[in-house]
Number of protein chains: 2
Amino acid sequence: MVEEAAALKEESKKAAKKAAAAAAKAAKTENVSAEGGEDAGKDYSEGLYGATKMIQSTCRHADRAFVAVHDLSGCEKDALVWVRGRVHTTRSKGKQCFLVLRQQSSTVQCVVAVNDKAVSKQMVKFSGSVPRESIVDVRARVVPVAAKIEACTEQTLELHATEFYLVSAAKAQLPLQIEDAARPEKSDDPEALKIRVNQDTRLDNRVLDLRTPANQAIFRLEAGVCKLFRDILAAQGFTEIHTPKIISAASEGGANVFTVSYFKDSAYLAQSPQLYKQMAIAADFDKVFTVGAVFRAEDSNTHRHLTEFVGLDLEMAFKYHYHEVLDTIGNTFTEIFKGLRDNYAREIAAVGQQYNVEPFKFLEPPLKLEFAQAVAMLREAGVTMDDEEDLSTPSEKLLGRLVKAKYDTDFYILDKFPLAVRPFYTMPDPSNPKYSNSYDMFMRGEEILSGAQRIHDPEYLVERAKHHAIDTSKIAAYIEAFRFGCPPHAGGGIGMERVVMLYLGLDNIRKTSMFPRDPKRLTP
Amino acid sequence: MVEEAAALKEESKKAAKKAAAAAAKAAKTENVSAEGGEDAGKDYSEGLYGATKMIQSTCRHADRAFVAVHDLSGCEKDALVWVRGRVHTTRSKGKQCFLVLRQQSSTVQCVVAVNDKAVSKQMVKFSGSVPRESIVDVRARVVPVAAKIEACTEQTLELHATEFYLVSAAKAQLPLQIEDAARPEKSDDPEALKIRVNQDTRLDNRVLDLRTPANQAIFRLEAGVCKLFRDILAAQGFTEIHTPKIISAASEGGANVFTVSYFKDSAYLAQSPQLYKQMAIAADFDKVFTVGAVFRAEDSNTHRHLTEFVGLDLEMAFKYHYHEVLDTIGNTFTEIFKGLRDNYAREIAAVGQQYNVEPFKFLEPPLKLEFAQAVAMLREAGVTMDDEEDLSTPSEKLLGRLVKAKYDTDFYILDKFPLAVRPFYTMPDPSNPKYSNSYDMFMRGEEILSGAQRIHDPEYLVERAKHHAIDTSKIAAYIEAFRFGCPPHAGGGIGMERVVMLYLGLDNIRKTSMFPRDPKRLTP
């Protein structure tokens, strides 16, 4: 039966439509209903298949021993199991119907074949009529197969159905096919490349698009990044805090903020939790982190900008040198990369099935360069730039390639940025006034963290604000927070979706935001 | 020296002001500077005290072995240690200065006493001049004491300073005193009760207010609630997701939403992640949770309403009965309560020092009542209400007391709410059309979770929306999400700050939101 699964083709849309109508009609009948056919004869499977009534919590069916598809290989030969899954593909052939059932990333072949004791012609016909993506409950025997079923993740067995119920019907006409959305990017088949699903179609129909194995894996790995970030920091005595998103004054000067109507007043959406993290430090929480939405009203339509994203932010008091913090952050990344490599290998492999990506390389401890060294490397590669000029996006990318070639790492830390290109609250370098105690971190040549030692002395903060021509009356509350004794501290903010995108080597941040927001997209 | 610490009094504001000025002046000098007095004589402590220059990461002082205050009791007698802490209180007396140093919730007595080899009169004078709440670095010998120092958390030892540096000076005039803000609510001392700090003063000066032992404990316990929620669910196969806060259409009908200007358009702030959780279920994530900001534009100025709070939300596909989910949520609460009791006893005790609260009681498994039973209990207690009427706030509170008296639990689940009082997407009870498959959960008589089985059948959802006179064209996207096959599912949303408030038995939700937002408060 191996070839059957491999040969599965697009079922005709007409047939599917008809089936959906039948299923919908069946769903209206009382309880589990058998579907008589015109070509009938006595239906000896009556009551063992059909569309179930909408599940409304009438009973618990506690006797049904459900098994997860990826656990089927642990079942004994001929074990009778229940499986709830989606109809991934179907193909009817005479007295048999072959289905692939999908459950998240796992698939298994299921056969409904006429059998004069248990499975009627009508039951086979019904099974073949269920539209793709519908959810079904199947009772079946687990049958080992001799030759591997290449089309499924469960390759050593198939299910022989004895009962078959439609739980929730999908529309016959889907706006995209999961198979198409899951097609490998570098396919050898020119036909396959033509039916690629474009990004807007995917995002417009995100409920379907998210069902692909790659997407199932991406968002599980993303959950892993957050979990690792929190667990690694909590183990070092960091406390999780929550900071307000609605704020009364724009946090960084007022550009690029969204305005909110707040009762009779107006307010803003926070571009960063920075002030609040710093207040938590001034309030003796010593080491804090926060995971939450941050908002940027930038009209940037690039592969790496979102108007709303998840910030992984941390802030930490230190004793004498901000490198105490820099090293803590650097090591946190190392631990995250190790955690992903060790605990999410299956997810990384699933993404690799669709997108061709080099494994992520990192050094332990991480590579740390100074800004001036980076400038020297870029100049050697032919870039013309000033000492105190910020890195352009092309320079960042080039630097990533130069670093990779020289040090064989996809992650590195760039320390001591020019003071002139950093915000007013950045602590200047004590040994060279052109530079500052600030840093960025990079993955595959793109910035994923920006941070610094912050000025904790209120008088000096005022001095620096004036130097930047900032109206200090507008940041009085910020300055005030440091007037009650504040330890020296440093921190940084990480763009979560960027970390996942760049770790996996994906080309667009919309692939790592479950419901992305950009200047042109507010739905779904 | 026990009586010295106990006798510590408010230092004169005049003296503090003078000291702050001196400290600020000292801070301007190069590096560590000694402060000569007029009454001087040779200062043999020169270089061993003074205001340090602003810490700018010049050196690492790697040789300084810092010890946390709560670890001092593990030090050997006469060990020389470094401690960084805040000056909690000071009292100068002749040739001695007694300070209490505070580090988060821990305090220790520190003595700076004239000693003709090491500690000069000038050094003692300087130590006594440092304003409260300033941060200092102290090098000291650990000296055991015979009689307990009742005023400190470290009661069996004190520090004898040999070096004393001001790291960050606090203003001499503080808007509130930590001692006052930390005063027990039920003090026997009528003087103490008079100088209680009111809530707006606390919130206006949150950086200071958060330094009290109770607040340090509240927000560490709050981090614990989030951690437990996530860990308990992740261990059961739940995946963490992130849902957008900026949405194109108001999620629940349009009332009570904040409007955001979105480039040339306008948008809203999400009142709940519900649609997105449900989409994740329809997209095969099976069991999901999300922790994030939710927004309510309600002009409610009560002890339990915020305009922005942290939602602990979960959603879960089930096989046949929503009680599969209800029990999962109920058990999650049980596990959270056990985790707090077992891992946060110190924090609970610290809160109990300031606020007089009964320990939180719960049953395992949790008590589950049906709405009709609750109505019967209320009627028996004299309340007049209809079968299909929602619980009023006073009825909720009364019911909490009745349940506590009868079952001895502060947590219970109320199942089967009247259909009429729940939103259109709530699944009706299959056995009684007056009721629904929905539930609330309560702590100390206040609602902390609301949830239900959601209608997963698109046609039926349309029918119910029409019954509620909802314009289905406005919720087309919501309905569409269920047209591609969706398993039956249920979930709920928990107000995190409410859980912490009610677990600890506090009287106001502003005590459990680090930077609360209400209709009248947008700062800090």
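What number of residues within the range A:103-125 satisfy the criterion of being within 17 Å of A:Arg141 (Cα to Cα) and within 26 Å of the chain's Cα centre (by Cα)?
Within the range A:103-125, residues that are within 17 Å of A:Arg141 (Cα to Cα) and within 26 Å of the chain's Cα centre (by Cα) number 2.
Only one of A:Arg517, A:Arg521, A:Arg498, A:Arg444 is in contact with a helix residue (DSSP H, G or I) (Cβ under 7 Å, 6 or more places away or on another chain), touching a residue at least 24 places away in the same chain (Cβ under 8 Å), over 25 Å from B:Gln56 (Cβ atoms) and not assigned by the TED database to the domain that holds A:Val225. Can you tell me which?
A:Arg521
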* Structure fact -> Those residues of the range A:252-298 that are surrounded by fewer than 17 Cβ atoms within 10 Å (Cβ to Cβ), part of a loop (DSSP other than H, G, I, E, B) and facing chain B (nearest Cβ under 8 Å) come to a total of 1
* Structure fact -> Residues of the range A:91-111 being within 18 Å of A:Pro131 (Cβ to Cβ) and of a type in the set (Ser, Thr, Tyr), in sequence order, are A:Ser92, A:Thr107
* Could you figure out which of (1) of a type in the set (A, V, I, L, M); (2) touching a residue at least 24 places away in the same chain (Cβ under 8 Å); (3) farther than 28 Å from A:His305 by Cβ isn't true of A:Ile479? => (2)
* **Candidate set: the range B:348-364, residues that are under 18 Å from the mean Cα position of the chain (by Cα) and assigned to a loop (DSSP other than H, G, I, E, B); chosen: the one nearest to B:Arg211 (Cα to Cα)** => B:Tyr355
* Check the range B:315-322 and report whether any residue there is in contact with a Lys or Arg (Cβ under 6 Å, 6 or more places away or on another chain), within 18 Å of B:Gly493 (Cβ to Cβ) and not β-branched (Val, Ile, Thr). => yes
* To do: Please give the number of the condition A:Glu222 fails out of (1) among the acidic types (Asp, Glu); (2) more than 30 Å from B:Phe219 (Cβ to Cβ); (3) at pLDDT 95 or above.
  => (2)
* To do: Please note which strands (runs of 3 or more DSSP E) are completely contained in the range A:83-177 and include at least 2 residues that are surrounded by fewer than 24 Cβ atoms within 10 Å (Cβ to Cβ) and basic (Lys, Arg).
  => A:135-144
* Structure fact -> Per the filter on the range A:209-233, residues of a type outside the set (Lys, Arg), closer than 29 Å to A:Asp327 by Cα and facing chain B (nearest Cβ under 7 Å) are A:Phe219, A:Ala223, A:Cys226
* Within the range B:55-82, can you find the residues that are within 11 Å of another protein chain (Cβ to nearest Cβ), outside any loop (DSSP other than H, G, I, E, B) and crowded, with 16+ Cβ neighbours inside 10 Å? -> B:Trp82
* Asked: Quick check, is B:Thr472 touching a strand residue (DSSP E or B) at 6+ places or on another chain (Cβ under 9 Å), surrounded by fewer than 20 Cβ atoms within 10 Å (Cβ to Cβ) and among the polar types (S, T, N, Q)?
  -> no
* Take the residues in the range B:365-405 that are surrounded by 12 or more Cβ atoms within 10 Å (Cβ to Cβ) and among the basic types (Lys, Arg), then tell me which one is nearest to the chain's Cα centre (by Cα). => B:Lys397
* Asked: Is it true that some residue in the range A:234-251 is within 30 Å of B:Ser248 (Cβ to Cβ), among the charged types (D, E, K, R), surrounded by fewer than 21 Cβ atoms within 10 Å (Cβ to Cβ) and under 27 Å from the mean Cα position of the chain (by Cα)?
  -> no
* Asked: Can you pull out the residues in the range A:198-241 that are under 26 Å from A:Lys338 (Cβ atoms) and basic (Lys, Arg)?
  -> A:Arg220, A:Lys227, A:Arg230
* To do: Can you give me the number of residues within the range A:105-118 that are modelled with pLDDT of 95 or more and in contact with a strand residue (DSSP E or B) (Cβ under 6 Å, 6 or more places away or on another chain)?
  => 7
* To do: Scan B:Ile475, B:Ile470 and give me the residue that is aliphatic (A, V, I, L, M) and more than 14 Å from chain A (Cβ to nearest Cβ).
  => B:Ile470
* Asked: If you go through the range B:299-322 one residue at a time, do you hit one that is in a helix (DSSP H, G or I), within 10 Å of chain A (Cβ to nearest Cβ) and not charged (D, E, K, R)?
  -> no
* Picking from B:Ala490, B:Ala481, which residue would you name as being in contact with a Gly (Cβ under 9 Å, 6 or more places away or on another chain), over 18 Å from B:Ser300 (Cβ atoms) and facing chain A (nearest Cβ under 9 Å)? -> B:Ala490
* May I ask you to verify whether B:Arg230 is at pLDDT 95 or above, in a helix (DSSP H, G or I) and farther than 16 Å from B:Ser513 by Cα? => yes
* To do: Might you let me know whether the range A:422-437 holds any residue that is among the acidic types (Asp, Glu) and more than 34 Å from the chain's Cα centre (by Cα)?
  => yes
* To do: Could you tell me which numbered condition A:Glu185 fails, if it satisfies all but one of (1) surrounded by fewer than 19 Cβ atoms within 10 Å (Cβ to Cβ); (2) in a loop (DSSP other than H, G, I, E, B); (3) at pLDDT 95 or above?
  => (3)
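The values are calculated or read from the model by the stated rules, or taken from the named source; none is laboratory data. If you're wondering where the values come from, they're calculated on a predicted model, not measured in any experiment. Using ideal geometry, Cβ is built from the backbone for each residue, glycine included, and neighbour counts are taken over all protein chains shown.
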